[in-house]
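Chemist: Take a look at this one; I'll ask things after.
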Amino acid sequence: MKTVEYGVGLKNTIILLHGGGLSWWNYREAAKLLQGEYHIILPILDGHAGSDRPFTSIEENASEIISFIDEKLSGSVLLIGGLSLGGQILLEMLSRRKNLCAYALVESTAVIPSKLTNMLIAPAFGSCYGLIRNKGFSRLQFRSLHIKPDLFEEYYRDTRQIKKQDMIAFLKASTAYFLKDTFRESSAGIHVYVGEKETREILRSAETICRTRPSCKLHRMRGLRHGELSINHADEYANAVRQIVKGEDTNGIVDCERSFIRRGI
């Protein structure tokens, strides 16, 4: 497994797992903000640009990262965060090892399988996969993800490097993922972040996660879409990490919208 690291040598370790189709730069700005306080490890998920193995399954990727933690980090870390596909891998890790981390930050993560979407992925990507090499098409796709413009070149570079079989594999795995019963046994302090403007599937999934393990804390982010917290608003994400680790509670509503408007985002 390949990783990018910040704050090397610091005692407390945080691992952040990027979203599907993205890469470690998903968390680059947040890592820079936190590198004076924590050792930050950003793994490159299987099947993505720069990874050292193809994508097989969420479960296999989870096992790989757990093995890394066992071998390199004495079996546990302070906090693990994950967005979307990375969040699903995180939930799978928590389901397999109850004391893997002290805290977890699950962002914009689906746990309700969609059979129809899953069936359509292979034929849809089989016919249009070549378009991702078209910069104009890629720019349209990028805009639909609401990622800030200065990340486009990295997004375009890295999506072009994802093999068709890997893209189909992780998309199918993501749309088929469901929460395991053993998740409720995790000892981590789990925080679930979801944007107010997310799809109904993601909103329902956030509620499902917290219903399965009632001690989870659900944070609804006003004015945000899928993945915008970690990708577009690193300062708010870094502050969320600090608050979680310090045990500073919120009322469950994260009013990000005002600060975003102030900065002209």
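Nothing in this text is a laboratory measurement; each read-out follows from the coordinates by a stated rule. The model shown is predicted, which means the values in this text are computed figures rather than measured ones. Please note: Cβ atoms are built from the backbone with ideal geometry, for glycine as well, and neighbour counts cover all protein chains shown.
Chemist: Antiparallel versus total DSSP beta bridges in segment 1-108: what percent is that, nearest 5?
Modeler: Of all bridge pairs located within segment 1-108, approximately 25 percent are antiparallel.
Chemist: If amide hydrogens are placed 1.01 Å from N in the peptide plane, which non-local residues have theirs closer than 5 Å to the one on residue 77?
Modeler: 101, 102
Chemist: List every residue whose amide H lies under 5 Å from the amide H of residue 219, counting only residues 5 or more places away in sequence or on a different chain, with H placed 1.01 Å from N in the peptide plane.
Modeler: Excluding prolines and chain starts, which carry no amide H, the hits are 192, 193, 194.
Chemist: Return the distance in nm (one decimal) between the two label points of a simple spin-label model at residue 128 and residue 5, each offset 7 Å from Cα along Cα→Cβ.
Modeler: Distance between the two pseudo-spin positions: 4.1 nm.
Chemist: Roughly what % of DSSP beta bridges within the chain run antiparallel, to the nearest 5?
Modeler: 15 percent
Chemist: Students often forget the sequence filter, so: which lysines lie under 17 Å Cα-Cα from residue 246 once same-chain residues fewer than 8 apart are removed?
Modeler: Hits, sequence-local ones excluded: 11, 217.
Chemist: Still on this structure, please answer the following. Given the options 245, 194, 106, which has the most mean-square fluctuation in a GNM of the chain, springs set between C-alpha atoms less than 10 angstrom apart?
Modeler: In the Gaussian network model the winner is 245.
Chemist: Under a point spin-label approximation (7 Å from Cα along Cα-to-Cβ), what is the residue 197-residue 137 distance to one decimal in nm?
Modeler: In this crude spin-label approximation the distance works out to 2.6 nm.
Chemist: Per residue of segment 174-182, in order, report the coupling 6.51 cos²θ - 1.76 cosθ + 1.60 (Karplus, θ = phi - 60°) as ³J(HN,Hα) in whole Hz, putting x for Gly and Pro.
Modeler: With coefficients 6.51, -1.76 and 1.60, one gets 5, 6, 9, 6, 9, 6, 7, 4, 5 Hz.
Chemist: Moving on. Please list, in chain and number order, the residues 5+ apart from residue 45 or on another chain whose amide H is under 5 Å from its amide H, with Hs placed from the backbone.
Modeler: 18
Chemist: Hey, could you get me the Stokes-Einstein D for segment 101-203, Kirkwood radius over alpha-carbon pairs, 20 °C and 1.002 mPa s, rounded to whole µm² s⁻¹?
Modeler: 134 µm²/s
Chemist: Per the Kirkwood formula on distinct C-alpha pairs, the Rh of segment 4-137 is how many angstrom?
Modeler: 15.9 Å
Chemist: So how do 199-212, 144-157 stack up, highest first, on mean other-Cβ count within 10 Å?
Modeler: Order by mean packing, descending: 199-212, 144-157.
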